[in-house]
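The values are calculated or read from the model by the stated rules, or taken from the named source; none is laboratory data. Computed from a predicted structure; not experimentally measured. No Cβ is skipped: glycine too gets one built from the backbone with ideal geometry, and neighbour counts run over all protein chains shown. When the accessible area is computed, the model is the full protein with side chains, heavy atoms only, and any ligands, DNA or RNA have been set aside. Shrake-Rupley method; radii C 1.70, N 1.55, O 1.52, S 1.80 Å.
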Amino acid sequence: MTQLLQTLVDGLTVGSLYALIALGYTMVYGILRFINFAHSDIFALGTHMTITIAAVLGVKAADAAVPAWYIGPAVLVLSMLSCGALGFVIERLAYRPLRNAPRLNVLITAIGVSLFLQNVGQLPMFFGPYPRAIPKLTPDVVLGTLADVNFRLVDAAVIGTAVMLMLALQYLVHSTRLGLAMRAVSFSHRNAALMGINVDRVISITFVIGSMLAAAAGFLYAVRYEGQAKQTADAMWVMLGLKAFVAAVVGGIGNLRGAMLGGLIIGLIEFFGVGYLSSNYRDAYVFAILIVVLLFKPEGILGRATMEKV
Amino acid sequence: MVSRGQLAWIAWAAVGVMISVTLAGCGGGGAASTNEILIGHYGSMTGSEATFGVSTDNGIKLAVKERNAAGGVKGKQIKLKTYDDQGKAQEAVTVVTRLIQQDKAAAILGEVASSRSLAGGPVCQRLGVPMISPSSTNPDVTAIGDMVSRVCFIDPFQGYVGAKFAFENLKLKKGAVLFNRAQAYSSGLKDNFNEAFKKLGGEVVEEQAYGDGDNDFSAQLTAIREKDPEFIYIPGYYTEVVNIAQQARARDIKVPLIGGDGWDSDKLANAKDALQGCYFSNHYSHQDTRPEVQEFVKKYQAEYGAVPDGLAALGYDSARLLFDAMDRAASLSGKDLAKAINETKDFAGVTGKISMDENRNARKDAVILEVKDGVPSFVTSIAPE
């Protein structure tokens, strides 16, 4: 019982991180029909920005004391803003000039941007080529205990923030004029343009929102894994990004609810697989699910059920 | 204006110039000048395991500096060239090949991680240049061939040391193991520990694995907690240990964590509360009162302003042992030099007396260190069986 409950909590927490990252993949795919490989690097930069911004605000990793309650949200907002700006610049400089180029060119450019971000992030003037210590941003509070499982504030903060951001995105896409424009662009660039929608601007905004969500995931990563964060070119970021991408595909790429559902599914499968089967095949469980879904429902779990694509 | 055709010719000419410049660079810059002996070091100077490479390099540099001040080897100055392999095995192959074929290094020092020594070693063996690994403990490393040797003990002994300390000194009978399945060092040491601990009469109640890119160990730790062990043996690198310790304490696992020399790094301070009262086996302690150790610690502190860790001491020893072998060798050809290295007897190193056995491994005592406020401090030393 203890193990079941603990695994459930961990799976949901990590699953909601995957979901946040998956949203960025799925939004860009929905609008531009290409996989933004640089997305996992924005996530990595989000974690490193969190550490840097926290240090600027006076929270150092060596401090034993927990900072004031408003520091965490402030760091979250600032790192989301900075990564959102970065997403804007990337789209403007790397992807917009290729708007009418074959899709393969854009894909290769995305890989180039990914390598660029990984290695520039490693420069000493930015985050350096070493793991960095993550400061404590949330107090160590146990909210409740059930069957020997501690429900900690950290987990609640991660899940809560992720759910709030996903609800906000859902509202934005389905209940605002901007969301309407995004959905229109995802159906057809040309028709949307004919209706008076500034397509380039909508695409820019999509990138900014996707990058902000990745930055939020990066922040939540830092909150959950106090200890140290590896340098931006480490393979672990790519692996986490890859799992989030699998989540987007499993849920149905291009579909927002699918990305959220896919994230939770992947998180739970990974944790139950490790806990109950064998920890030797951790990544294999995730990719096995991908194969199964691609074999039996290639459009993803929610791929066809809802027709709207973003 | 230049026409399209002219432009193409100019482009080709530019390519030609670049190629010839590159070729010239290879030929001219490569070979060491006649009054210098070039030795190469490859290590993880950047990346997750950067403290391994940087500490080792500091130790080697100190040894080179001392030796050059004392007149060098065979009347020639030693020149050290260090390449960063970024902690990647494929990069290790590239830089070792470069050190030997382009820079013409007489001998190679490196790597710390067994996985990367297992990548670089075969290159040295094939090209006939001796390689001394300062601190790769997996037995397979020196099994590569007669060109590869090491100045540290090997994992069957280190696994025994960890098991003996847990069983006899701490009186713990029920252990769990969490290891990195993707690393030769970690999975080898895990087997050696399990074997030794069972032989002593202990029980390994749970075995869990993680991979190279893993950062989340909560599922494994939850499974381990179910079995209620008295300690967890983690034969991994400090990179993961820091996060494992944090996550274990967050799950109310309060038992001590015990590890091997892969823990040795000042980065343990990143989890100083979580690692308080944990132990690991290592090659040396800076608190050792032997005069060799204290003299080395003093010199190292004067040079770098930091307390040397075990990897720095082993880097220092590997370089000094190499110079000693160069003195004794008939010539600096790969064959003669390897022979001299493999014949080393009772070399007085900082990390103990080093004698190469028939498998080119050093036989030495190990020390057990306890993490106190993020800093390892000496507990006891354990001799080979």
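Looking only at segment A:2-19, which residues are crowded, with 22+ Cβ neighbours inside 10 Å and more than 9 Å from chain B (Cβ to nearest Cβ)?
Matches in segment A:2-19: A:15, A:16, A:17, A:18, A:19.
Going residue by residue through segment A:3-21, is there one that turns out to be in a loop (DSSP other than H, G, I, E, B) and of a type in the set (Asp, Glu)?
no
Check every one of the helices (runs of 4 or more DSSP H) wholly within segment A:197-310 and list those with 2 or more residues that are in contact with a Ser or Thr (Cβ under 9 Å, 6 or more places away or on another chain).
Answer list for segment A:197-310: A:199-224, A:235-251, A:256-272.
Could you tell me how many of the residues in segment B:246-298 are among the aromatic types (Phe, Trp, Tyr) and either in contact with an Asp or Glu (Cβ under 7 Å, 6 or more places away or on another chain) or within 19 Å of residue A:228 (Cβ to Cβ) (or both)?
Residues in segment B:246-298 being among the aromatic types (Phe, Trp, Tyr) and either in contact with an Asp or Glu (Cβ under 7 Å, 6 or more places away or on another chain) or within 19 Å of residue A:228 (Cβ to Cβ) (or both): 3 in total.
Looking at A:65, A:44, A:22, which one is surrounded by fewer than 19 Cβ atoms within 10 Å (Cβ to Cβ) and hydrophobic (A, V, I, L, M, F, W, C)?
It is A:65.
Just the residues that are assigned to a helix (DSSP H, G or I) and open to solvent by 10 Å² or more (accessible area, probe 1.4 Å), please, taken from segment B:75-94.
The answer is B:89, B:90, B:91, B:93, B:94.
In segment A:142-176, which residue that is open to solvent by 60 Å² or more (accessible area, probe 1.4 Å), in contact (Cβ under 8 Å) with a residue 12 or more places away in the chain and closer than 27 Å to residue B:226 by Cα is nearest to the other protein chains (Cβ to nearest Cβ)?
Residue satisfying both the conditions and the ranking: A:148.
So how many residues does segment B:59-74 have that are open to solvent by 40 Å² or more (accessible area, probe 1.4 Å) and touching a helix residue (DSSP H, G or I) at 6+ places or on another chain (Cβ under 9 Å)?
Of the residues in segment B:59-74, 5 are open to solvent by 40 Å² or more (accessible area, probe 1.4 Å) and touching a helix residue (DSSP H, G or I) at 6+ places or on another chain (Cβ under 9 Å).
Filter segment A:110-126 down to the residues that are out of contact with any Ser or Thr (no Cβ under 6 Å at 6 or more places or on another chain) and either modelled with pLDDT of 90 or more or among the polar types (S, T, N, Q) (or both) and list them by number.
A:110, A:111, A:112, A:113, A:114, A:115, A:116, A:117, A:119, A:120
For segment A:128-139, state whether one or more residues are away from every other protein chain (no Cβ under 14 Å) and loosely packed, with under 15 Cβ neighbours inside 10 Å.
Taking every residue of segment A:128-139 in turn, none turns out to be away from every other protein chain (no Cβ under 14 Å) and loosely packed, with under 15 Cβ neighbours inside 10 Å.
Here is a yes/no grid of residues against (1) within 20 Å of residue B:161 (Cα to Cα); (2) within 22 Å of the chain's Cα centre (by Cα):
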| position | (1), (2) |
| --- | --- |
| B:328 | no, no |
| B:335 | no, no |
| B:339 | no, no |
| B:342 | no, yes |
| B:349 | no, yes |
| B:377 | yes, yes |
| B:385 | yes, no |
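Can you tell me which residues in segment A:194-211 are open to solvent by less than 50 Å² (accessible area, probe 1.4 Å) and of a type in the set (A, V, I, L, M, F, W, C)?
A:197, A:199, A:202, A:203, A:205, A:207, A:208, A:209
Among the residues of segment B:179-208, write down those that are acidic (Asp, Glu) and closer than 21 Å to residue A:275 by Cα.
Scanning segment B:179-208 gives B:203, B:206, B:207.
Table: residues versus (1) open to solvent by less than 80 Å² (accessible area, probe 1.4 Å); (2) within 20 Å of residue A:220 (Cβ to Cβ); (3) of a type in the set (A, V, I, L, M); (4) within 18 Å of the chain's Cα centre (by Cα).
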site	(1), (2), (3), (4)
A:61	yes, yes, yes, no
A:76	yes, yes, yes, yes
A:92	no, no, no, no
A:98	yes, no, yes, no
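Considering only segment A:250-302, state which residues are of a type in the set (A, V, I, L, M), more than 19 Å from residue A:26 (Cβ to Cβ) and surrounded by 24 or more Cβ atoms within 10 Å (Cβ to Cβ).
Selection gives A:274 alone.
Within 14 Å of chain B (Cβ to nearest Cβ), farther than 15 Å from residue A:42 by Cβ and out of contact with any Pro (no Cβ under 6 Å at 6 or more places or on another chain): which single residue out of A:227, A:251 fits that description?
A:227
Which of the strands (runs of 3 or more DSSP E) found entirely inside segment B:177-260 contain at least 2 residues meeting this: without any contact (Cβ under 8 Å) to a residue 24 or more places away in the chain?
The strands (runs of 3 or more DSSP E) meeting that bar number zero.
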